[in-house]
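First the structure, in the form of structure tokens, and then the observations on it.
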Amino acid sequence: MKITASSILKFVIFLGLGLLIFYFLYKNFESSYLEECAKQNIPESECSLIDKILEDFRSVKIVWLIVIVLIYMLSNIFRAKRWMQLLEPIGYKPRLINVVGSLMIGYFTNLAFPRIGEIIKTGTLSKYEDIPFEQNMGTVVVDRILDVICLLGVISLALLLSIDTFSAYFKENFVAPSQLTITILAVIGLLGLVALYFINKAFQNNQSTNPLFKKVQKAFLGFKDGLTSLKNVKNLPLLIFYSLGIWFCYYLMTYLCFWSFAPVAHLGPLAGLIVFVFGTLGMVFPSPGGMGSYHLLITQGLMMHGIDGTDAFSFSNIIFFTINIFGNIIFGLLFFLILPFYNRGHEKS
């Protein structure tokens with residue numbers, strides 16, 4: 001894929017915003033840490049938040065971080081298998097190594113260019129498995145829709161199990177949208193659906209020979225084929241199993257990471273669910289790997305459970321760098337190197 005000036009600009013903007021959030025978060029906890037040191041009569045020269053974070057990293061139980069990375073890769077195998085299920089109804093049976101490798105290369109790309117990884121992983125799999133990009137991209141959209149449904153389910157479960165905790169937090173930190181805002185968004189959504197209906201009709205019925213129109217028509221109809229793959233999935237219970245497996249792995253990655261770091265090791269499964277939900281929402285912000293926003297919401301989720309702010313900040317860095325360095329970067333680079341050699345000796349199916 002060609003890196004455009006627009007994509008570079010977006011990267012710089014969102015990286016800058018993410019780093020800005022991270023910087024202000026760091027400075028806030030640094031002030032708190034210095035105040036705590038002053039209360040204990042510790043000289044400021046001997047009181048460094050960076051030193052504390054580095055010491056916290058040295059204190060972690062490495063075995064749990066290894067377990068977390070393994071669970072992360074299991075989640076990616078589940079995701080790859082689900083993607084393969086979505087591709088099968090439109091006539092493609094890609095090899096598992098290519099699907100997993102495409103996912104990891106996409107995640108690796110997202111660290112530099114957020115959201116572009118979706119296009120990169122689609123293009124990578126299309127290249128190695130000879131799948132039309134438009135159809136493939138349609139299945140990726142279905143994959144994301146399934147993730148949104150799962151996320152809403154996880155949020156609903158967390159709300160049901162800890163409604164008082166969430167209510168207090170959102171009342172304190174967020175302003176409810178006005179009725180006018182909700183109405184405008186609903187109208188825009190409705191108009192969008194109407195427009196898609198007429199566009200679909202136009203592309204299906206039009207017999208124009210204009211090359212540009214035919215190209216756009218082919219892209220649209222291929223994308224639509226990918227979107228409709230969900231209704232033709234052969235084994236729906238298995239697809240549901242993979243979907244639940246993905247998100248259960250994500251939850252375990254947060255909860256088991258508690259066990260690696262003494263200040264949060266006492267927190268239970270429900271606290272793990274709430275912190276997991278906060279962290280997932282932090283990843284929605286399109287900064288590289290959720291930089292800044294992920295740290296902010298993870299620390300907020302932990303502080304809701306009585307964890308000291310500086311310890312919460314250390315934990316957010318521990319889990320953030322574990323997944324991104326030992327998960328996305330290492331495995332992303334590994335598959336980037338492996339796939340060309342693997343596919344050199346295999347014919348496209």
Starting from the range 75-99, keep only residues that are over 14 Å from Leu146 (Cα atoms) and in contact (Cβ under 8 Å) with a residue 12 or more places away in the chain, then list their pairs with residues that are part of a helix (DSSP H, G or I) and acidic (Asp, Glu) whose Cβ atoms are within a distance under 6 Å, requiring at least 6 positions of separation or different chains. Ile90/Asp225; Pro94/Glu129; Asn98/Glu129
Quick one: which residue in Leu297, Leu339, Leu333 is assigned to a helix (DSSP H, G or I), exposed (fewer than 15 other Cβ atoms within 10 Å of the Cβ), touching a Phe, Trp or Tyr at 6+ places or on another chain (Cβ under 7 Å) and modelled with pLDDT of 85 or more? Leu333
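Taking the range 43-61 as the search range and keeping residues that are of a type in the set (A, V, I, L, M) and free of Cβ contacts under 8 Å to residues at least 60 places away in the same chain, which one is nearest to Arg95 (Cα to Cα)?
Leu54
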State all residues of the range 90-123 that are of a type in the set (Lys, Arg) and in contact with a Pro (Cβ under 7 Å, 6 or more places away or on another chain); if no residue qualifies, say none. Arg115
Of the residues that make up the range 295-308, is at least one touching a residue at least 40 places away in the same chain (Cβ under 8 Å), under 15 Å from the mean Cα position of the chain (by Cα) and within 14 Å of Leu25 (Cβ to Cβ)? yes
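Conditions tested, residue by residue: (1) part of a helix (DSSP H, G or I); (2) at pLDDT 85 or above; (3) of a type in the set (Lys, Arg); (4) under 24 Å from Phe335 (Cβ atoms).
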site: Glu88; (1), (2), (3), (4): yes, yes, no, yes
site: Met104; (1), (2), (3), (4): yes, yes, no, yes
site: Val141; (1), (2), (3), (4): yes, no, no, yes
site: Phe166; (1), (2), (3), (4): yes, no, no, no
Return yes or no: is Leu281 under 20 Å from the mean Cα position of the chain (by Cα) and under 23 Å from Leu159 (Cα atoms)? yes
Is it fair to say Leu74 is in contact with a Gly (Cβ under 9 Å, 6 or more places away or on another chain), part of a helix (DSSP H, G or I) and surrounded by fewer than 17 Cβ atoms within 10 Å (Cβ to Cβ)? yes
Given (1) surrounded by 20 or more Cβ atoms within 10 Å (Cβ to Cβ); (2) under 17 Å from Leu339 (Cβ atoms); (3) at pLDDT 90 or above, index of the condition Arg82 fails: (2)
Could you tell me whether the range 7-27 includes any residue that is aliphatic (A, V, I, L, M), surrounded by fewer than 17 Cβ atoms within 10 Å (Cβ to Cβ), modelled with pLDDT under 85 and not in a helix (DSSP H, G or I)? no
Is there any pair with a first residue in the range 26-37 that is without any contact (Cβ under 8 Å) to a residue 60 or more places away in the chain and a second that is surrounded by fewer than 15 Cβ atoms within 10 Å (Cβ to Cβ) and not aliphatic (A, V, I, L, M) whose Cβ atoms are under 7 Å apart and which are 6 or more apart or on different chains, and what are they? Leu34/Glu44; Cys37/Glu44
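The values are calculated or read from the model by the stated rules, or taken from the named source; none is laboratory data. Please read all numbers here as calculations on a predicted model, not as lab measurements. In this analysis, Cβ positions are derived from the backbone assuming ideal geometry, glycine residues included, and neighbour counts consider all displayed protein chains.
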